[in-house]
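*Asks:* Here it is, the structure, as C-alpha coordinates.
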Amino acid sequence: MGSEASGGAAAIDLLRSAAPFLPDADLLLTPGTGLVLVDLVNGFCTVGAGNLAPVTPNKQIEKMVEESTRLAKVFCQRNWPVFAFLDTHHPDKPEPPFPPHCIIGSGEENFVPALEWLENDPNVTMRRKDCIDGYLASFEKDGSNVFSEWVAKFQIKTVLVVGICTDYCVLDFVSSTLAARNIGRVPPLEDVVIYSEGCATFDLPVEVARSMKGALAHPQVLSH
(Lines give C-alpha, C1' and ligand atoms only; values in the text may rest on other atoms or scores of the structure.)
Protein backbone atom coordinates (compact mmCIF):
# COMPACT_ATOMS: atom_id res chain seq x y z
CA MET A 1 0.00 0.00 0.00
CA GLY A 2 2.80 2.36 0.94
CA SER A 3 4.80 1.62 -2.20
CA GLU A 4 1.74 2.24 -4.40
CA ALA A 5 1.12 5.60 -2.72
CA SER A 6 4.75 6.70 -3.04
CA GLY A 7 4.82 5.56 -6.66
CA GLY A 8 1.71 7.60 -7.41
CA ALA A 9 3.22 10.70 -5.81
CA ALA A 10 6.40 10.25 -7.86
CA ALA A 11 4.35 9.94 -11.04
CA ILE A 12 2.49 13.16 -10.28
CA ASP A 13 5.75 15.02 -9.60
CA LEU A 14 7.13 13.72 -12.92
CA LEU A 15 4.05 14.93 -14.80
CA ARG A 16 4.28 18.37 -13.20
CA SER A 17 7.94 18.75 -14.11
CA ALA A 18 7.44 17.53 -17.67
CA ALA A 19 4.27 19.54 -18.31
CA PRO A 20 4.43 22.74 -16.23
CA PHE A 21 1.28 24.82 -15.91
CA LEU A 22 0.28 28.22 -14.59
CA PRO A 23 -0.37 27.93 -10.84
CA ASP A 24 -3.97 28.58 -9.82
CA ALA A 25 -2.78 31.27 -7.41
CA ASP A 26 -1.70 33.40 -10.39
CA LEU A 27 -5.19 33.45 -11.90
CA LEU A 28 -6.62 36.95 -12.27
CA LEU A 29 -10.29 37.60 -13.03
CA THR A 30 -10.75 40.41 -15.53
CA PRO A 31 -13.68 41.81 -17.54
CA GLY A 32 -14.27 39.81 -20.70
CA THR A 33 -14.08 36.52 -18.79
CA GLY A 34 -16.92 34.02 -18.73
CA LEU A 35 -17.30 31.18 -16.24
CA VAL A 36 -18.17 27.69 -17.49
CA LEU A 37 -19.51 25.15 -14.98
CA VAL A 38 -19.32 21.54 -16.16
CA ASP A 39 -21.77 19.05 -14.66
CA LEU A 40 -22.02 20.21 -11.07
CA VAL A 41 -24.98 17.90 -10.65
CA ASN A 42 -26.06 15.51 -7.93
CA GLY A 43 -25.36 12.45 -10.08
CA PHE A 44 -21.63 13.21 -10.08
CA CYS A 45 -21.13 15.15 -6.85
CA THR A 46 -23.66 14.23 -4.15
CA VAL A 47 -22.84 11.21 -2.00
CA GLY A 48 -25.06 8.25 -2.82
CA ALA A 49 -27.02 10.11 -5.51
CA GLY A 50 -26.47 7.60 -8.32
CA ASN A 51 -24.25 5.11 -10.15
CA LEU A 52 -21.52 7.69 -10.82
CA ALA A 53 -21.81 9.66 -7.59
CA PRO A 54 -19.28 9.24 -4.75
CA VAL A 55 -20.27 6.48 -2.33
CA THR A 56 -18.60 8.24 0.60
CA PRO A 57 -17.59 11.88 1.23
CA ASN A 58 -14.76 12.83 -1.13
CA LYS A 59 -12.45 15.74 -0.34
CA GLN A 60 -11.49 16.52 -3.92
CA ILE A 61 -15.12 16.67 -5.07
CA GLU A 62 -16.14 18.69 -2.01
CA LYS A 63 -13.33 21.17 -2.75
CA MET A 64 -14.45 21.39 -6.38
CA VAL A 65 -18.02 22.22 -5.39
CA GLU A 66 -16.82 24.77 -2.83
CA GLU A 67 -14.52 26.58 -5.28
CA SER A 68 -17.05 26.46 -8.13
CA THR A 69 -19.71 27.93 -5.86
CA ARG A 70 -17.35 30.67 -4.71
CA LEU A 71 -16.49 31.62 -8.28
CA ALA A 72 -20.12 31.51 -9.40
CA LYS A 73 -21.03 33.97 -6.64
CA VAL A 74 -18.19 36.30 -7.65
CA PHE A 75 -19.25 36.29 -11.31
CA CYS A 76 -22.91 36.83 -10.53
CA GLN A 77 -22.15 39.64 -8.10
CA ARG A 78 -20.16 41.35 -10.86
CA ASN A 79 -22.87 40.61 -13.46
CA TRP A 80 -20.39 38.60 -15.49
CA PRO A 81 -21.68 35.76 -17.70
CA VAL A 82 -21.91 32.19 -16.47
CA PHE A 83 -22.60 29.12 -18.65
CA ALA A 84 -23.64 25.92 -16.88
CA PHE A 85 -23.73 22.44 -18.41
CA LEU A 86 -26.00 19.91 -16.70
CA ASP A 87 -25.51 16.27 -17.70
CA THR A 88 -29.01 14.99 -18.54
CA HIS A 89 -29.99 11.73 -20.23
CA HIS A 90 -33.11 9.99 -21.53
CA PRO A 91 -33.54 6.47 -20.08
CA ASP A 92 -33.67 4.89 -23.55
CA LYS A 93 -30.42 6.47 -24.72
CA PRO A 94 -27.47 4.83 -22.89
CA GLU A 95 -23.98 6.34 -22.83
CA PRO A 96 -21.58 3.37 -22.94
CA PRO A 97 -19.26 2.47 -21.32
CA PHE A 98 -20.92 4.26 -18.39
CA PRO A 99 -23.88 2.86 -16.44
CA PRO A 100 -27.21 4.76 -16.43
CA HIS A 101 -26.75 8.17 -14.83
CA CYS A 102 -28.33 11.63 -14.60
CA ILE A 103 -31.62 10.35 -16.03
CA ILE A 104 -34.32 12.97 -16.56
CA GLY A 105 -36.61 13.11 -13.56
CA SER A 106 -34.24 11.27 -11.22
CA GLY A 107 -32.89 14.40 -9.52
CA GLU A 108 -29.35 13.36 -10.46
CA GLU A 109 -29.46 15.76 -13.40
CA ASN A 110 -30.01 18.83 -11.23
CA PHE A 111 -27.57 21.27 -9.64
CA VAL A 112 -25.95 20.27 -6.36
CA PRO A 113 -27.70 22.01 -3.42
CA ALA A 114 -24.96 24.65 -3.12
CA LEU A 115 -25.67 25.85 -6.66
CA GLU A 116 -29.43 25.53 -6.95
CA TRP A 117 -29.74 29.31 -6.76
CA LEU A 118 -28.14 29.59 -10.21
CA GLU A 119 -31.36 28.42 -11.85
CA ASN A 120 -32.93 31.81 -11.16
CA ASP A 121 -29.91 34.06 -11.70
CA PRO A 122 -30.14 36.27 -14.83
CA ASN A 123 -26.38 36.00 -15.45
CA VAL A 124 -26.61 32.25 -16.02
CA THR A 125 -27.16 30.38 -19.28
CA MET A 126 -28.02 26.72 -18.68
CA ARG A 127 -27.56 23.89 -21.17
CA ARG A 128 -28.62 20.34 -20.47
CA LYS A 129 -26.28 18.02 -22.34
CA ASP A 130 -26.70 14.41 -23.34
CA CYS A 131 -23.10 13.60 -24.23
CA ILE A 132 -19.65 13.86 -22.68
CA ASP A 133 -18.53 16.84 -24.76
CA GLY A 134 -20.38 20.04 -23.85
CA TYR A 135 -19.28 21.90 -26.98
CA LEU A 136 -20.77 19.20 -29.22
CA ALA A 137 -23.88 19.07 -27.03
CA SER A 138 -24.40 22.79 -27.64
CA PHE A 139 -25.23 22.30 -31.32
CA GLU A 140 -28.86 22.78 -32.36
CA LYS A 141 -30.53 20.96 -35.26
CA ASP A 142 -30.08 24.02 -37.48
CA GLY A 143 -26.31 23.92 -36.98
CA SER A 144 -26.10 26.84 -34.58
CA ASN A 145 -24.20 26.43 -31.33
CA VAL A 146 -25.58 27.76 -28.05
CA PHE A 147 -22.15 28.03 -26.42
CA SER A 148 -20.64 29.90 -29.39
CA GLU A 149 -23.59 32.29 -29.38
CA TRP A 150 -23.07 32.90 -25.65
CA VAL A 151 -19.41 33.76 -26.27
CA ALA A 152 -20.36 36.16 -29.06
CA LYS A 153 -23.25 37.77 -27.16
CA PHE A 154 -21.09 38.70 -24.18
CA GLN A 155 -17.90 39.28 -26.21
CA ILE A 156 -16.01 36.79 -24.07
CA LYS A 157 -12.27 36.58 -24.65
CA THR A 158 -11.44 34.13 -21.85
CA VAL A 159 -13.45 31.24 -20.46
CA LEU A 160 -12.64 29.93 -17.01
CA VAL A 161 -13.63 26.27 -16.69
CA VAL A 162 -14.48 24.33 -13.54
CA GLY A 163 -16.35 21.10 -12.91
CA ILE A 164 -16.28 17.33 -13.12
CA CYS A 165 -14.74 15.07 -14.36
CA THR A 166 -11.35 16.64 -15.05
CA ASP A 167 -10.25 13.90 -17.45
CA TYR A 168 -13.61 13.32 -19.17
CA CYS A 169 -16.24 16.03 -19.56
CA VAL A 170 -13.96 18.94 -18.63
CA LEU A 171 -11.14 17.73 -20.88
CA ASP A 172 -13.42 16.99 -23.84
CA PHE A 173 -15.17 20.35 -23.62
CA VAL A 174 -11.88 22.24 -23.39
CA SER A 175 -10.28 20.31 -26.26
CA SER A 176 -13.25 20.90 -28.56
CA THR A 177 -13.50 24.56 -27.60
CA LEU A 178 -9.79 25.10 -28.29
CA ALA A 179 -10.13 23.35 -31.66
CA ALA A 180 -13.15 25.51 -32.50
CA ARG A 181 -11.27 28.64 -31.44
CA ASN A 182 -8.35 27.72 -33.68
CA ILE A 183 -10.59 27.66 -36.76
CA GLY A 184 -12.56 30.76 -35.84
CA ARG A 185 -15.82 29.13 -34.70
CA VAL A 186 -16.09 30.93 -31.33
CA PRO A 187 -15.10 34.57 -31.85
CA PRO A 188 -13.87 36.59 -30.03
CA LEU A 189 -12.61 33.81 -27.70
CA GLU A 190 -8.85 33.85 -27.14
CA ASP A 191 -8.06 31.78 -24.05
CA VAL A 192 -9.45 28.75 -22.23
CA VAL A 193 -8.31 28.42 -18.61
CA ILE A 194 -8.87 25.42 -16.35
CA TYR A 195 -8.87 26.11 -12.62
CA SER A 196 -7.68 22.83 -11.15
CA GLU A 197 -8.90 23.53 -7.61
CA GLY A 198 -12.36 23.95 -9.10
CA CYS A 199 -12.22 20.58 -10.87
CA ALA A 200 -12.41 16.98 -9.69
CA THR A 201 -12.69 13.45 -10.97
CA PHE A 202 -13.81 10.13 -9.51
CA ASP A 203 -11.76 7.58 -7.59
CA LEU A 204 -11.72 3.84 -8.29
CA PRO A 205 -8.80 2.26 -6.41
CA VAL A 206 -7.05 -0.82 -7.78
CA GLU A 207 -8.29 -3.03 -4.95
CA VAL A 208 -11.90 -2.03 -5.70
CA ALA A 209 -11.57 -2.30 -9.48
CA ARG A 210 -10.22 -5.85 -9.17
CA SER A 211 -13.47 -6.91 -7.54
CA MET A 212 -15.61 -5.45 -10.36
CA LYS A 213 -15.97 -7.30 -13.64
CA GLY A 214 -14.70 -5.24 -16.56
CA ALA A 215 -13.70 -2.29 -14.37
CA LEU A 216 -10.46 -0.40 -14.79
CA ALA A 217 -8.70 1.31 -11.90
CA HIS A 218 -8.97 5.10 -11.91
CA PRO A 219 -6.71 6.79 -9.35
CA GLN A 220 -8.32 10.11 -8.56
CA VAL A 221 -5.29 12.27 -7.80
CA LEU A 222 -3.19 11.08 -10.74
CA SER A 223 -6.11 11.22 -13.21
CA HIS A 224 -7.00 14.74 -12.07
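The values are calculated or read from the model by the stated rules, or taken from the named source; none is laboratory data. Quantities reported herein were computed from a predicted structural model and do not represent experimental measurements. Heads up, the Cβs are rebuilt from the backbone with ideal geometry, glycines too, and the neighbour counts pull from every protein chain shown. To get the accessible areas, we keep the full protein, side chains included, count just its heavy atoms, and leave off ligands, DNA and RNA. Shrake-Rupley method; radii C 1.70, N 1.55, O 1.52, S 1.80 Å.
*Asks:* Could you say whether any residue in the range 151-170 is closer than 24 Å to residue 60 by Cα, open to solvent by 40 Å² or more (accessible area, probe 1.4 Å) and touching a Leu at 6+ places or on another chain (Cβ under 8 Å)?
*Replies:* No, the conditions are met nowhere in the range 151-170.
*Asks:* I would also like to ask the following. Exactly one condition in (1) farther than 15 Å from residue 202 by Cα; (2) crowded, with 20+ Cβ neighbours inside 10 Å; (3) polar (S, T, N, Q); (4) touching a residue at least 24 places away in the same chain (Cβ under 8 Å) is false for residue 42; which is it?
*Replies:* The single condition residue 42 does not satisfy is (1).
*Asks:* Looking at the range 154-177, which of its residues are under 16 Å from residue 33 (Cβ atoms) and in a helix (DSSP H, G or I)?
*Replies:* Matches in the range 154-177: 174, 177.
*Asks:* Would you please name the residue that is nearest to the chain's Cα centre (by Cα), looking only at residues in the range 109-134 that are open to solvent by 20 Å² or more (accessible area, probe 1.4 Å) and under 18 Å from residue 171 (Cα atoms)? Break it down stepwise before answering.
*Replies:* Of the residues in the range 109-134, the ones open to solvent by 20 Å² or more (accessible area, probe 1.4 Å) are 110, 113-114, 116-117, 119-128, 130-132.
Now narrow it down to the ones that are under 18 Å from residue 171 (Cα atoms): 127-128, 130-132.
Details: 127: 13, 128: 13, 130: 14, 131: 13, 132: 10 Å.
Looking at residues that are open to solvent by 20 Å² or more (accessible area, probe 1.4 Å) and under 18 Å from residue 171 (Cα atoms), I get 132.
*Asks:* What are the residues in the range 87-111 that are within 23 Å of residue 125 (Cβ to Cβ) and free of Cβ contacts under 8 Å to residues at least 12 places away in the same chain, if any?
*Replies:* 105
*Asks:* If you take the residues of the range 83-108 that are charged (D, E, K, R) and closer than 16 Å to residue 42 by Cα, which of them is nearest to the chain's Cα centre (by Cα)? Before you say what the answer is, go through the steps one by one.
*Replies:* So the first thing to find is which residues in the range 83-108 are charged (D, E, K, R), and the list is 87, 92-93, 95, 108.
Still in the list and also closer than 16 Å to residue 42 by Cα: 87, 108.
Working: 87: 10, 108: 15 Å.
Once the filter is applied, the top-ranked residue is 87.
*Asks:* Pull out all pairs, ordered by first then second residue, where Cβ-Cβ is under 6 Å, the residues are six or more apart or on different chains, the first lies in the range 18-35 and is over 23 Å from residue 147 (Cβ atoms), and the second is open to solvent by 50 Å² or more (accessible area, probe 1.4 Å) and modelled with pLDDT of 70 or more.
*Replies:* 24/197
*Asks:* Looking only at the range 163-178, filter to residues that are among the β-branched types (Val, Ile, Thr) and within 8 Å of the chain's Cα centre (by Cα); which one of those is farthest from residue 88 (Cα to Cα)? So that I can check it myself, show each step before the final result.
*Replies:* First, the residues of the range 163-178 that are among the β-branched types (Val, Ile, Thr): 164, 166, 170, 174, 177.
From what's left, within 8 Å of the chain's Cα centre (by Cα): 164, 166, 170.
Working: 164: 14, 166: 18, 170: 16 Å.
Filtering the range 163-178 for residues that are among the β-branched types (Val, Ile, Thr) and within 8 Å of the chain's Cα centre (by Cα), the one farthest from residue 88 (Cα to Cα) comes out as 166.
*Asks:* Another question, then. Determine which single condition residue 151 fails, assuming it passes every other condition in (1) over 14 Å from the mean Cα position of the chain (by Cα); (2) part of a loop (DSSP other than H, G, I, E, B).
*Replies:* (2)
*Asks:* Another question, if that's okay. Go through the range 96-107 residue by residue and tally those that are open to solvent by less than 30 Å² (accessible area, probe 1.4 Å) and either at pLDDT 95 or above or more than 16 Å from residue 170 (Cβ to Cβ) (or both). Quick ask: steps written out before the conclusion?
*Replies:* The first filter runs over the range 96-107 and keeps only residues open to solvent by less than 30 Å² (accessible area, probe 1.4 Å), leaving 101-102, 107.
Imposing the further condition that a residue be either at pLDDT 95 or above or more than 16 Å from residue 170 (Cβ to Cβ) (or both) reduces the set to 101, 107.
Of the residues in the range 96-107, 2 are open to solvent by less than 30 Å² (accessible area, probe 1.4 Å) and either at pLDDT 95 or above or more than 16 Å from residue 170 (Cβ to Cβ) (or both).
*Asks:* Going by the structure shown, is residue 30 in a loop (DSSP other than H, G, I, E, B) and at pLDDT 85 or above?
*Replies:* Working: in a loop (DSSP other than H, G, I, E, B): yes; at pLDDT 85 or above: yes.
When the stated conditions are applied, residue 30 passes them.
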